[in-house]
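Input: a single structure, listed below in structure tokens.
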Amino acid sequence: MLSNIGNTLLFLNLLLGVSIIYFAFQNLKTNEITVSKKIYHICLFQSTFIIICFITLVTAFVVSDFSIINVYQNSHSLKPFFYKVSGTWGNHEGSLLLWVIILTIFSFLFLLYNKHHPKNYRIYSLIIQNILILGFLFFLLFNSNPFSKILPIPKEGLGLNPILQDPALAIHPPLLYIGFVGSSIYFSAAISSLLTNYSGKLFAQSIKNWVLISWSFQTLGILAGSIWAYYELGWGGFWFWDPVENASLLPWFAMSALLHSLIVLEKRNLLYFWVIVLCLLTFILSVTGTFLVRSGILNSVHTFANDPSRGLYILIFLSLMIFASVLLLFNKFKNTSYNLNSNSKETFILVNNWFMIFYLITVLLGTVYPIFTEVLTDNKVSVGPPFYNTVIIPIVILFLLFMSVGPQAQWIKNKFYNLNLLLKILIGSILINFSIIYLFKEYSLLSNFIVISAVFLVISSLIDLYKSFKKLKKDSPRILSHLSFGFLILFIGLNYNFSLEKDFNLKLGEKKNFENYSIEFTDIKLQDFKNYKAVIGEFKINNSKENFNQSLYPEIRIYDNPSTITYEASIRSGILKDYYITMSNIDRSDYYNIKFQKKPFMMWIWVSVIFISLGGFLRLYQNAKKNY
Amino acid sequence: MQKKIIKSSIILFIIFIIGVFFTGLNKSSIYDTKNLVGQKITNIKLERFNNNRIITEEDLKKNDFTLINFWASWCAPCRVEHPILLKLNKEKNLKLLGVNFKDKKNNALKFLRDLGNPYDDLARDELGKYSINFGIYGIPESILINKDLVIIKKFIGPISQNDYTYIKNTVRE
């Protein structure tokens, strides 16, 4: 029943997409200066239907309708309500439906909120966006249908992988999708801009809020994924350079570059073609990421959905997108001389773009290199954190310095009035760095530079903030994001250098001492929960120096559906540091293996990222207030 | 002229990348399980975990059935199937050969120490090169073979309760 409703709605959406394209072309032929009402109405229907379609799938998960194969494979009647709902997008088919929803809603909103831009530009954007929608609808219907039926109807579902039953992961896909699927709208707008020759300042204004939206959500989405990996996978870190993580980071780099170069286009009417390239690149990278993750071409620790037929479809789609955009770009490209002053805000923003592109290429190379060696030489290699750390970290230092100096530069021609101040900030940062070393402990030369440059950015952003409050300049969103980025790098640096990790075996009643810490295994009990039972250990941590006493309760969870064992870390998040214990049983022995970690500033790493994206939302709010 | 060269080289570059992706996709289909079932595995060369002696076909021919299990300590699903492997270890007609895939020796040993060692014999494939001959493209993966080295079934992903029943019944027949 639900399956039929869902499929009908998907087909209806297919028809609506086709009719939008048809009426849009009709509308182009007329002399009307406005987009016809009919198109608005169809778009409204399109969005409504796809939302109802999604609600249908959610309902199927909530009522555990196991006649739908997707529900059968990913749900279970005993699963908590919250995870029944989030299970909807916790699988390939459901998440693809989410993908189509975002394409559709963005298409409608873009049409709605750009009324003061020329008709042709809006209509062409709509047409391109609907071609994308149709492409993905076809994929959804004929390759990855979330409403496929199964016969005979199973009595019970297989359940959602327990490691996906986590609040951070429940919100991770929607956030990330608004980010990188949202970038589709400026892909369409960029193509439309090339087709209709609608360029320059006005074009920049029409897409800037959309770039902000996708960038801010992408940032949050990456964060949610990262937090999940920290709490759930028990790896004890925030970033692992896993292909799946990289796939979400690549469009983020492109978006960040775009976010900055758009300012130049808006203020100075320069860099138009570069902005177009970035618009196209962002969405192309998003689809590439999806291809890499979903096709099974890459081996990743958490590749969950391997299917070459999916891969082929996405690859064909991707190739069409790339060729269409490249050929169009070649066709329209005009060589424009920029005559940029090497000391001006424009140049500094360009420098930001170089850095972003550098990071992008590095991460892209590291991610796809294994595919190339495998195909070309039959050699399997894997690229790990050492590669990224070696290539990226030294460059981050320079990047941070430019990030501190750049924003204060003036347009067209800049003069450094504040060299004196910069020097003072630099000396201040160096002093802070050495007092950290003096008070706590020594770290490597590279870490020194990282800390100094991060503090440099933090202090100069703070000074900026103070100035902007005094002058009531509307630059606080930018300062907030930059300041938080400085803090992010600083906390990452300190976290890296001040972590403590110990691995040992304990049995009940035993105590382990090291440095100032003692860890006592005081209790163990078995407890039943709704969909799993857990072996819960109690560990007392004592720090004699800081007079600190805490109990942690790591778990070994045994899930019934599907039958799985997971090891839940017990994490005591504090303002200054996190304590982290995982325990695992050792067969045929009373001993348990204990992994203890002290991770300073973990919370501040998350908070910094939240504030980075908050800067984006704040700017969005400012823009909205200005316009309406 | 110069522009044309730049343009065509960009296009050629894109074609090259897409071509590589395409071949990469097709490549993984060579490893398709369906094509492997019923085939005989040949050219076995695996390095034993603790010493450098090579495990060959002759070693495997001694067993009635062998389950070759590819695993690593860094692989989360491997932990999931581990209890089932321990249960399978008790089957009389079945020998378990573990192949430690792209792993560090210490981590692997720790894994077995923590969770128990279900394997009758253990090999290591640090670079993941030998495993390719078995058609492995992700772990965990397991291959059930008989005395004649014919592949009876290949299991992609962790061995489930159903797989367990299947193996048990096959081996006891």
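Assorted remarks:
- Strands (runs of 3 or more DSSP E) completely within the stretch A:519-601 that count 1 or more residues being within 11 Å of another protein chain (Cβ to nearest Cβ): A:555-559, A:564-568, A:577-585, A:592-600
- Residue list for the stretch A:316-326, restricted to those being of a type outside the set (Gly, Ala, Ser) and more than 8 Å from chain B (Cβ to nearest Cβ): A:ILE316, A:PHE317, A:LEU320, A:MET321
- You will find that of A:TYR417, A:TYR369, A:TYR438, A:TYR443, the residue that is more than 25 Å from the chain's Cα centre (by Cα), surrounded by 14 or more Cβ atoms within 10 Å (Cβ to Cβ) and aromatic (Phe, Trp, Tyr) is A:TYR443 and no other.
- Test: A:THR88 is in contact (Cβ under 8 Å) with a residue 24 or more places away in the chain, of a type in the set (Ser, Thr, Tyr) and assigned to a helix (DSSP H, G or I): yes
- Verdict on A:TYR559 being in contact with a Pro (Cβ under 7 Å, 6 or more places away or on another chain) and in the same structural domain as A:TYR591 (by TED's automatic domain parsing): yes
- Breaking point among (1) more than 23 Å from A:ALA254 (Cβ to Cβ); (2) touching a residue at least 60 places away in the same chain (Cβ under 8 Å); (3) within 14 Å of chain B (Cβ to nearest Cβ), for A:VAL375: (2)
Here is a yes/no grid of residues against (1) farther than 30 Å from A:ASP560 by Cβ; (2) loosely packed, with under 15 Cβ neighbours inside 10 Å:
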{"position": "B:THR56", "(1), (2)": "yes, yes"}
{"position": "B:ASP59", "(1), (2)": "yes, no"}
{"position": "B:ASN63", "(1), (2)": "yes, no"}
{"position": "B:ASN107", "(1), (2)": "no, yes"}
{"position": "B:VAL150", "(1), (2)": "yes, yes"}
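- Number of the exception - A:SER95 against (1) under 20 Å from A:TYR177 (Cα atoms); (2) surrounded by fewer than 24 Cβ atoms within 10 Å (Cβ to Cβ); (3) in contact with a Leu (Cβ under 6 Å, 6 or more places away or on another chain): (3)
- In the stretch A:452-473, the residues that are assigned by TED's automatic domain parsing to the domain that holds A:ILE425 and under 14 Å from A:PHE487 (Cβ atoms) reach residues that are buried (at least 23 other Cβ atoms within 10 Å of the Cβ) and of a type in the set (Ser, Thr, Tyr) with C-beta atoms within less than 7 angstrom, at least six apart or across chains, in these pairs: A:PHE456/A:SER404; A:LEU457/A:SER404; A:SER460/A:SER404.
- Of the set (1) among the polar types (S, T, N, Q); (2) surrounded by fewer than 24 Cβ atoms within 10 Å (Cβ to Cβ); (3) within 12 Å of the chain's Cα centre (by Cα), all apply to A:ASN209 but (3).
Let's see how each residue does on (1) at pLDDT below 95; (2) not in a helix (DSSP H, G or I):
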{"residue": "A:ILE5", "(1), (2)": "yes, no"}
{"residue": "A:VAL18", "(1), (2)": "no, no"}
{"residue": "A:ASN27", "(1), (2)": "yes, no"}
{"residue": "A:ASN31", "(1), (2)": "yes, yes"}
{"residue": "A:VAL35", "(1), (2)": "yes, yes"}
{"residue": "A:LYS38", "(1), (2)": "yes, no"}
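- Residues that are part of a loop (DSSP other than H, G, I, E, B) and in contact with a Lys or Arg (Cβ under 6 Å, 6 or more places away or on another chain), drawn from the stretch A:187-239: none
- Those residues of the stretch A:426-438 which are within 19 Å of A:LEU494 (Cβ to Cβ) and among the β-branched types (Val, Ile, Thr), in sequence order: A:ILE430, A:ILE432, A:ILE436, A:ILE437
- When each of A:PHE521, A:PHE485 is tested for being modelled with pLDDT of 90 or more and in the same structural domain as A:ASN593 (by TED's automatic domain parsing), the lone residue that passes is A:PHE521.
- In the stretch A:476-512, residue surrounded by the most Cβ atoms within 10 Å (Cβ to Cβ) [restricted to those that are in contact (Cβ under 8 Å) with a residue 60 or more places away in the chain and of a type in the set (Lys, Arg)]: A:ARG478
- Unique residue being aliphatic (A, V, I, L, M), touching a helix residue (DSSP H, G or I) at 6+ places or on another chain (Cβ under 8 Å) and closer than 22 Å to A:ASN495 by Cβ when the list is A:ILE392, A:ILE371: A:ILE392
- Checking the stretch A:55-70 against the condition returns a match, with at least one residue being in contact with a strand residue (DSSP E or B) (Cβ under 7 Å, 6 or more places away or on another chain) and assigned to a helix (DSSP H, G or I).
- Among the residues of the stretch A:1-30, those identified as more than 30 Å from A:ASP65 (Cα to Cα) and free of Cβ contacts under 8 Å to residues at least 24 places away in the same chain are A:SER19, A:TYR22, A:PHE23, A:GLN26, A:LYS29, A:THR30.
- So A:ASN389, is it part of a helix (DSSP H, G or I) and either more than 14 Å from chain B (Cβ to nearest Cβ) or on the phi < 0 side of the Ramachandran plot (or both): yes
- Pair list, Cβ < 6 Å and 6+ apart or interchain, from the stretch A:525-543 residues that are in the same structural domain as A:LYS84 (by TED's automatic domain parsing) to residues that are outside any strand (DSSP E or B): none
The values are calculated or read from the model by the stated rules, or taken from the named source; none is laboratory data. Everything numeric here is computed off the predicted structure, so don't read it as measured data. Positions of Cβ are generated from backbone atoms using ideal geometry, with glycine treated the same way; all protein chains shown enter the neighbour counts.
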